[in-house]
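The values are calculated or read from the model by the stated rules, or taken from the named source; none is laboratory data. Keep in mind that what you see is a predicted model, and the values were worked out from it rather than measured. FYI the Cβ positions are ideal-geometry reconstructions off the backbone, even for glycines, and counts take in every protein chain you see.
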Amino acid sequence: MDLSQASTSQKQTPENVDGRRCPRCGKRFATISSMNRHVRIIHQEAAAMEKKKIHVLCPSVDCRELMFQTFNDLSKHIEEFHKVCLQKLVFSFSSQQQYEEWVKLEKIDSNYALIRTRHEQHYKQKEYSCNRSDTKGYQKAYTKRTEKSGGTIKMRGVCPSRLIVGLSETGEVTVTYQKTHFGHEEEVRAHHLTRTEKEEVVQKLKCGVTTDRILADARKPDKEKLERKHLLNRKDLDYLYRKHNIGKKRDENEMVAVTLKVEEWNTNGQNFAFFFKKPGEKHDLLKDDDFAIGFMNSTMRDKLLNFNNIICMDGTHCTNKKGMDLTIMLVKDDRNAGLPVAFFLSNRLDTQIQEIFLGALRKEIGQNLEPLYFMTDDDPKYYNAWVKTMGNTPRRLLCTWHVVKNWNIQGRAKIKDANMKKEMKGEMKKILNECNEERFKCLSREYFKKLEEANEVDFLKYLKRYYFIDEERIQMWAHCYRRNAGINTNMSVESLNNFLKSNQLKRRTKITIEKLLDTLEELVDIKMWHRILSIERPSAGNYQDRIVIKAHKKAEEMKNTTQIIKEAFGQFKSVQGMCASIQM
């Protein structure tokens, strides 16, 4: 068996799968080239040496298939056959800093790509080729992604322009720079962002400058000539964002990243994550593949214990790419402003998961909560879970926003008359917002009579079946039955949902769970500082303050009243006790 056959069979064996073991003596080498040198010198068999690959293709159309063994051969061919004078420059720099300044001035990193690095004992050499060159000399048989509409920036062949940079241990740098390009036109789209331009963009991203602002600044050319930085797009920013880990991604695996986030929360006995169950863990009530995490810091805990007269709970969707459901618990503070006191993220949104959430919450605060009012949407799962877990039955109130939303949906579907369909929302809101019980009943009867006369029986049956079925049901949503509750609407929860999705998440739904948890932590800080600012620096345009002033003026105008006493924020009462209290 000749040497070539031996080499082939040796490569097929498991022991020499990489081809770096001598086929004659069995000695193993670090590289194939060192193995071939060993075979040539020691065994004196040149057959083991494969011919150097000829892959340097001339980029000219006239000699499209002409290939060379080295770059120098290509340069010589271009000068002699194509009559192109290739400009060759040699530079010497005394320090690395001078070399980097020259690279920045010439924008080398914008037009060239590193193709090879060689290490010697006291010397390192780097070779850079024009980024338009196809230096590998072959076409891929597979496709990783769809090709750009403008085509690839790689041309067929190799551009002669290149750099050979020598770096010594003393800091001296020598550069052999073949500057002339050949075989392609200069296109801005084929350039890369320079290192300086990338650093500027990364610094802006780290400082929190928005993507829109960065793009707007990039598209204001300071020169007449268009440059690559002026063509900056969102994909460039996303790439730099991921490369430099600006979002502080803790791990590529999302569940590992969430676990690390929980460990950060629970250091030093803080225990922000009062419940955490990741997929794969065992739980008495949850499935193995279920995920759930509850978040409440010390500030939220204090607010829950101090302002638990009214508890609001609601769930929201479209906050993360995993499709997890977010449950928000909110309380009304002494200024009647909504404050988030607990978050619960899970892959389910049913009564059982809410019982687990509330049970873990009760264990964390060390006591049962006994609110006077409990406000949710029309779904009874939150209230049922509360009653079963906390053991008390606060008065249940329905969220005004959800009630009006349901009326609009059903009204559009069931009311046939176009004019009545337009007037329905206004008519029903008058009934809902009426604070006088007798007037409420009168408005209800009048609207029901109007529906009967117009033969809109479908919508009438819907109202009587779901919202006017009995007195207990009416008291859940009608404002005339919650006058002393200190709350007439539940817009705080919906406002918080909107603030989270619009201001914090920017309406993005492809957010990781780790990033969502970071955002929730930031949201709590923002809301707590809003409370401090509204107390220390009250504004005349503040909504809550305007409502208080309006209620106070209304109380002063009441007849047969000698003195007005402020009972709570937004609530006033006469000293004689003859007049009804006024709420916001």
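Counting only residues that are surrounded by 13 or more Cβ atoms within 10 Å (Cβ to Cβ) and either modelled with pLDDT under 70 or out of contact with any Gly (no Cβ under 8 Å at 6 or more places or on another chain) (or both), how many does the range 133-148 have?
Of the residues in that region, 2 qualify.
How many residues are over 15 Å from residue 255 (Cα atoms) and not in a loop (DSSP other than H, G, I, E, B) when one looks only at the range 505-531? Full working, then the answer.
Within the range 505-531, the subset over 15 Å from residue 255 (Cα atoms) is 505-510, 519-531.
Applying the additional criterion that residues be not in a loop (DSSP other than H, G, I, E, B) yields 519-531.
Counting residues in the range 505-531 that are over 15 Å from residue 255 (Cα atoms) and not in a loop (DSSP other than H, G, I, E, B) gives 13.
Looking at the range 188-206, can you tell me whether even one residue there is under 23 Å from residue 322 (Cα atoms), over 15 Å from the mean Cα position of the chain (by Cα) and of a type in the set (A, V, I, L, M, F, W, C)?
No: zero hits.
Quick check on my filter: what residues within the range 212-238 are in a helix (DSSP H, G or I) and either under 28 Å from residue 130 (Cα atoms) or over 22 Å from the mean Cα position of the chain (by Cα) (or both)?
215, 217, 218, 228, 229, 230, 231, 234, 235, 236, 237, 238
Please give the strands (runs of 3 or more DSSP E) falling wholly within the range 320-427 in which 3 or more residues are outside the structural domain of residue 466 (by TED's automatic domain parsing) and among the aliphatic types (A, V, I, L, M).
Here the list reads 325-332, 338-346.
Within the range 380-394, track down each residue that is without any contact (Cβ under 8 Å) to a residue 40 or more places away in the chain and touching a helix residue (DSSP H, G or I) at 6+ places or on another chain (Cβ under 9 Å).
Step one: list which residues in the range 380-394 are without any contact (Cβ under 8 Å) to a residue 40 or more places away in the chain, which gives 380-381, 383-385, 387-393.
Scanning the range 380-394 gives 380, 381, 384, 385, 388, 389, 390, 392, 393.
Please go through the range 78-101 and pick out each residue that is without any contact (Cβ under 8 Å) to a residue 60 or more places away in the chain and not polar (S, T, N, Q).
The answer is 79, 80, 81, 83, 100, 101.
Taking the range 157-175 as the region of interest, how many residues are buried (at least 16 other Cβ atoms within 10 Å of the Cβ) and assigned to a loop (DSSP other than H, G, I, E, B)?
Result for the range 157-175: 5.
Among 103, 84, which is the only one that is at pLDDT 90 or above and closer than 14 Å to residue 160 by Cβ?
Working: 103 fails: closer than 14 Å to residue 160 by Cβ.
Sole residue among the options that is at pLDDT 90 or above and closer than 14 Å to residue 160 by Cβ: 84.
Residue 435 is checked against (1) surrounded by 19 or more Cβ atoms within 10 Å (Cβ to Cβ); (2) under 14 Å from residue 476 (Cα atoms) and fails just one. What number does that condition carry?
(1)
Tell me yes or no: at least one residue of the range 201-211 is in a loop (DSSP other than H, G, I, E, B) and surrounded by 14 or more Cβ atoms within 10 Å (Cβ to Cβ).
Among the residues of the range 201-211, not one is in a loop (DSSP other than H, G, I, E, B) and surrounded by 14 or more Cβ atoms within 10 Å (Cβ to Cβ), which makes the answer no.
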